[in-house]
1. Select from A:Gly58, A:Gly47, A:Ser10 the residue farthest towards the positive end of the dipole of region A:1-67; place +1 on Cβ of Lys and Arg, -1 on Cβ of Asp and Glu, and compute about the Cα centre.
2. Would you please give the residues with an amide H less than 5 Å from that of A:Gly187, counting only those at least 5 places away or on a separate chain, with H modeled from the backbone geometry?
3. Give the dimensionless ratio obtained when the Cα radius of gyration of region B:2-119 is divided by 2.2 N^0.38 Å.
4. If you check each cysteine of the protein assembly as shown for another cysteine whose beta-carbon is under 4.7 Å away, which ones come up empty?
5. In this model, which of A:Lys455/A:Lys481; A:Lys109/B:Lys84; A:Lys403/A:Lys426; A:Lys353/A:Lys481; A:Lys43/B:Lys84; A:Lys43/A:Lys455 are farther than 24 Å apart at the alpha-carbon?
6. With every protein chain left in place, what is the accessible area of A:Ser438 in Å² (1.4 Å probe, nearest 10)?
7. Short version: ³J(HN,Hα) in whole Hz for each residue of region A:425-432, in order, from phi by Karplus 6.51 cos²θ - 1.76 cosθ + 1.60 (θ = phi - 60°), x for Gly and Pro, what are they?
8. For region A:151-190, with only Lys/Arg (+1) and Asp/Glu (-1) charged at the beta-carbon, what is the dipole magnitude about the Cα centre, in debye rounded to 20?
Amino acid sequence: MISSSLEELSLTTDVLIVGGGMAGAWAATSAAEAGAKVVLVDKGYCGTSGVTAAAGPGHWWVPPDPPAAREAAVTNRVASGLGLGEADWMYRILDQTWRTLPTLAGYYKFGADDEGRVNYRAVRGPEYMRALRQQVLSHGVTILDHSPVLELLARSDGSIGGARGQRRQDGGRAYQVEAGAVVLAAGGTSFLSHLLGSRTNTGDGYLMAAEAGAEMSGMEFTAAYTIAPAHSTMTRTMAYSFATYYDAAGHELDLPFGPDQTLRLARALQRGPVYCSLHRLPDDIKARLHTISPNVPLVFDRWGTDPYRDRFEVVLHNDGTIRGIGGVRVHDVDGTTSVPGLFVAGDNASREKVAGAISGGGNVNSAWALSSGVFAGRAAARLARGATRRGGRLRPLGREPRKGAKTVDLAALRDGVRSQMHPFDKNLFRTGDRLAASADVLEGLWTEMADHADKGTIASRETAALLATARWSVATAGARKESRGLHRREDFPSQDAGFATRLLSGGLDQVWVTADTTSVTAKAGRLEAAS
Amino acid sequence: MIELIVADRCTDCGACIEVCPANVLDAGQGGLPVLARAEDCQTCFMCELYCRADAIYVAPDCDRRVAVSEAEVLASGRLGQYRKHSGWNEWAEHYPNEQWLMETVFRRAGEAAAQTRAVRPEGLGGKE
Ligand SMILES: Cc1cc2nc3c(=O)[nH]c(=O)nc-3n(C[C@H](O)[C@H](O)[C@H](O)COP(=O)(O)OP(=O)(O)OC[C@H]3O[C@@H](n4cnc5c(N)ncnc54)[C@H](O)[C@@H]3O)c2cc1C
Ligand code: SF4
Ligand code: SF4
């Protein structure tokens, strides 16, 4: 299967999985179980890379019995999703998660609660990803670590037939994988905030899908932020459910635990530094914090801070599309995109249909990453088996610089993305004027990038992906002239029934945004069928 | 960011080089990993989990380099602390994975907040 020359490593497989977080790892397993030969490639290391590994994903978990429980969960989520969720998609991921997660028991030691009941839904990231890697390897999947994909490869009919990348721990040697079908599971992006575990997630999967001709959906929903001690990456929220906050003068701030706590915290941070104390955390939890989330207390411990007595400064890190919900538009729970041969899973896909207009963090995102991975792996295996493909010439889809390559200050371009996507006044509390100004800035940066940056390096592809994703986000946020869920417009503070629809976006040289009319028709069709 | 690899403890196994998602480390002379691209470190602590020799120290600071004294770190007992509390390898039987408690904590917080709201419906005097 592997043939290599000095210049390039060349592999042929049925299914190629791009990205080895939870979505990619589940996809690899299910494709292999369906009989496919599978190659999984990751920019970093499948097992530690991505946001799954550093966090503690709690899965959306409702047993099928009694059936009323699932109905209630779905009905609640449809309501809280503010018109953008789809009940049947929710049922499917609830069911798949419930069936699949316990099958990892051979590799992951699920915890038992104080009554001895096994808890499947709450897993710890590093152990979960270690287990998923072992499971993937036991299925005979070939893993290429430290092998970022740089671009997809298309067949003459436009369908996707593989990818090219670089082996960064092998002198940057090029590699190519020819595949019957490709699953993009390269995660979301935090636009390079210090969100835990997100450094390798630069939106590469969005860029590559767009280059292949796919659309994005829900890119306006990038205004999710998570608390962390200042100067740290530790965006784990549990302990903060009992936090007390103070301003610089030491006055207690009114930031009660609840749905709008992050917004209030952001407002307070706009006025000045905010400090926090965890003294109200119940004693029994304090005593067990290091065995619940071992990475949380180590930050305080290493700084010599006693979080139960001292006040420490806190900040909010942008979650972008990670605890936000935008991504590649999917036509089915199996991650089918508008491009033949290309599937997406996990944060690489839009999660609007399962999360609605609010954050999928905390439960739905993991259930989606697992289920979409399982479905997409299976669908890709099926497609690869049926395809008569091999042999034809494959065309690389990354764009050459429009006006000729020259040295581009990529770090400055990335800082430019941060400067538009992180500040609260631009991305969290939005106005049409400020979004238009952001769009202008990003357009200028994109012009520099697209005109002159060489497509051959990881850094330049990451920068292009960040810029493309930011442009879609800002353009879509500008088009949604209302407030809904994670998207807040100060100039349009209320929800507008006319916008109870998903917004698609895309385009590289020319960004476009349009309403997803197919979803409305699909809904009408179903209603007719049901009545 | 990763600040220290204690040469005396390191067995040159190479695990940290392989698992670091941000490709921060290179094998140096004789195998001892060197912090080749420390500025790329994403402060995820993964290398510490995979270092069975407890030779790595990652400072929690993600946006600034900090001076770290090897003697102090060795004396502090913090090397290997994350791996230990995570119950990895030889610690499996000593430190249970209690991640399942998380939802209980959120539930209790919700109940406590609801109670506070009931007692003090005006919040803290509208200070925000
Ligand atoms: C701190 C934190 C806590 C969270 N807690 C919860 C929770 O409790 N419940 C919940 O439902 N959700 C939670 N979420 C969200 C949830 O973790 C994610 O939705 C989920 O893990 C996404 O999995 P994924 O596989 O799509 O992405 P990731 O795990 O991020 O994996 C993406 C992978 O793609 C790789 N990659 C990127 N670019 C390339 C490229 N060019 N070539 C090859 N590989 C590439 C990356 O290296 C990475 O390994 C949390 C998120 C965070 C940040
Ligand atoms: S994992 Fe630990 S022992 Fe192995 S090379 Fe790295 S520092 Fe040395
Ligand atoms: S903390 Fe994470 S990114 Fe930094 S060196 Fe260790 S494994 Fe690599």
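The values are calculated or read from the model by the stated rules, or taken from the named source; none is laboratory data. Just so you know, these numbers come straight off a predicted model, no measurement behind them. Cβ atoms come from the backbone with ideal geometry, glycine included; neighbour counts cover every protein chain shown. Heads up: the accessible areas ignore ligands, DNA and RNA and are worked out on the full protein's heavy atoms, side chains in. Shrake-Rupley method; radii C 1.70, N 1.55, O 1.52, S 1.80 Å.
1. After comparing all options, I get A:Gly58.
2. For A:Gly187, the qualifying residues are A:Asp347, A:Asn348.
3. Details: Rg = 18.3 Å, N = 118, 2.2 N^0.38 = 13.5 Å.
Dividing the Cα Rg of region B:2-119 by 2.2 N^0.38 Å gives 1.36.
4. Those would be A:Cys46, A:Cys276, B:Cys10, B:Cys13, B:Cys20, B:Cys41, B:Cys44, B:Cys51, B:Cys62, since no other cysteine Cβ in the protein assembly as shown comes under 4.7 Å of theirs.
5. Numbers: A:Lys455/A:Lys481 35 Å; A:Lys109/B:Lys84 16 Å; A:Lys403/A:Lys426 31 Å; A:Lys353/A:Lys481 21 Å; A:Lys43/B:Lys84 28 Å; A:Lys43/A:Lys455 16 Å.
Where the Cα-Cα span goes over 24 Å, the pairs concerned are A:Lys455/A:Lys481; A:Lys403/A:Lys426; A:Lys43/B:Lys84.
6. So the heavy atoms of A:Ser438 present about 0 Å² to solvent.
7. The phi angles translate into 6, 9, 10, 9, 10, 8, 9, x Hz.
8. Numbers: 5 positive and 4 negative charges, 35 e Å.
Around 160 debye, computed over region A:151-190.
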